[in-house]
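K.L.:
Before I ask anything, let me first share the structure, which is written out below as structure tokens.
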Amino acid sequence: MSIREEFANRIMRYPGAIAMRLRIARLRLLGAQIGNHCWIRRVSVPRNPWDLVLSDGVALDDGVILLNSGDRGQQPKIHIGARTYVNRYTMFDASDRIEVGDDCMIGPFCYITDHDHAVGKDRRLADQPLVSQPVTIGQNVWIGAGAIILKGVQIGANAVIGAGAVVTRSVSESEVVAGVPARSIPQAGR
């Protein structure tokens, strides 16, 4: 690469790098715990930033939403482990706890939630209370594009969740699942 091309690339990157540093500083000031060497693009934290922990080296791409709802608890509601990458337009929706292990890859347009609404017949659905159960995603997990992880699910280390899967039950360590609802897929050599 020529000196001119290198200079042009640096000029293009600097405004984004400055904006990222300001974004991280703002979130820290508002109470989020953000580790070192994090890469945070244009993300949304609509409320309760104090309920957010991002470990060292976490990378969040454009359009990621980190939504914490409800009262402040004993521990943060969203915790993303070291060196985990979250691709574009993925949403974490926590009212209890969502914990993601280290070294995970989460594809674009995923939805991870730890709650849903009760569905009693005695009142409108919108007035039903939230029913919550924590979600835990182990280390080195790959979640494919458009996957949905529902309340109470535990995903073991080294598991793979196929693109578009709807995960309604826990996934064992090194298990590969896909489909709606997600089911185990036998893998040669795993």
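K.L.:
Ignoring ligands, DNA and RNA, please state the percent of accessible area on the chain from carbon and sulfur, probe 1.4 Å. Present the calculation step by step, with values, prior to reporting the outcome.
P.N.:
Values: 5830 of 10600 Å².
Whole-percent figure for carbon plus sulfur exposure: 55.
K.L.:
Then there's this: Equivalent ellipsoid semi-axes for the chain, as square roots of 5 times the alpha carbon gyration tensor eigenvalues: give them largest first, rounded to whole Å.
P.N.:
Working: eigenvalues 189, 105, 40 Å².
Its equivalent ellipsoid spans semi-axes of 31, 23, 14 Å.
K.L.:
Same structure, new question: For segment 82-92, in order, what is each residue's ³J(HN,Hα) by Karplus, 6.51 cos²θ - 1.76 cosθ + 1.60 with θ = phi - 60°, in whole Hz (x at glycine and Pro)?
P.N.:
Residue by residue, segment 82-92 yields 4, 6, 7, 10, 10, 6, 4, 6, 8, 10, 9 Hz.
K.L.:
Now, a different point. For segment 59-190, give me the percentage of DSSP beta bridges that are antiparallel, rounded to the nearest 5 percent.
P.N.:
Values: 5 of 35 bridges.
Around 15 percent antiparallel, to the nearest 5.
K.L.:
Is the C-alpha gyration tensor of segment 52-108 telling us rounded, prolate or oblate? Criteria: a/c under 1.5 is rounded; beyond that, a/b larger than b/c is prolate, otherwise oblate. Kindly include the intermediate steps, with their values, before the conclusion.
P.N.:
Values: a/c = 2.42, a/b = 1.42, b/c = 1.71.
It is oblate, given that a/c is not under 1.5 and a/b is not larger than b/c.
K.L.:
I need the peptides 33-41, 77-85, 151-159 ranked by packing, meaning the mean over residues of other C-beta atoms within 10 angstrom, with the highest value on top. Walk me through the numbers on the way to the answer.
P.N.:
Details: 33-41: 15.3, 77-85: 21.9, 151-159: 19.7.
Per-residue mean Cβ counts within 10 Å order the peptides as 77-85, 151-159, 33-41.
K.L.:
Moving on to the next point. Output the antiparallel fraction of DSSP beta bridges having both residues in segment 107-174, as a percent to the nearest 5. All intermediate terms of the calculation are to be shown ahead of the outcome.
P.N.:
Values: 3 of 12 bridges.
Bridges in segment 107-174 that DSSP calls antiparallel: roughly 25 percent.
K.L.:
Among bridges DSSP assigns within segment 1-132, what percent are antiparallel (round to 5)? Please list the in-between numbers first.
P.N.:
Details: 3 of 25 bridges.
Rounded to the nearest five, the antiparallel share is 10 percent.
K.L.:
Something else: Taking amide hydrogens as modeled 1.01 Å from N in the peptide plane, which residues meet the under 5 Å criterion relative to Ile137, leaving out close sequence neighbours?
P.N.:
For Ile137, whose amide H was placed from the backbone, the distant partners under 5 Å are Glu99, Val100, Gly101, Ile155.
K.L.:
Follow-up question, since we're still on this one. For segment 29-135, what is the accessible area per residue in Å² when the probe is 1.4 Å?
P.N.:
Numbers: 5380 Å² over 107 residues.
With all protein chains present, segment 29-135 gives 50 Å² per residue.
K.L.:
Suppose every Lys and Arg Cβ carries +1 and every Asp and Glu Cβ carries -1, with no other charges. What dipole size does the chain come out with about its Cα centre, to the nearest 20 debye? All intermediate terms of the calculation are to be shown ahead of the outcome.
P.N.:
Details: 22 positive and 18 negative charges, 106 e Å.
So the magnitude is around 500 debye.
The values are calculated or read from the model by the stated rules, or taken from the named source; none is laboratory data. Since this is a predicted model, take the numbers as computed values, not measurements. We place every Cβ from the backbone using ideal geometry, glycine too, and count neighbours over all the protein chains shown. Surface accessibility is based on the protein's heavy atoms, side chains included, excluding ligands, DNA and RNA. Shrake-Rupley method; radii C 1.70, N 1.55, O 1.52, S 1.80 Å.
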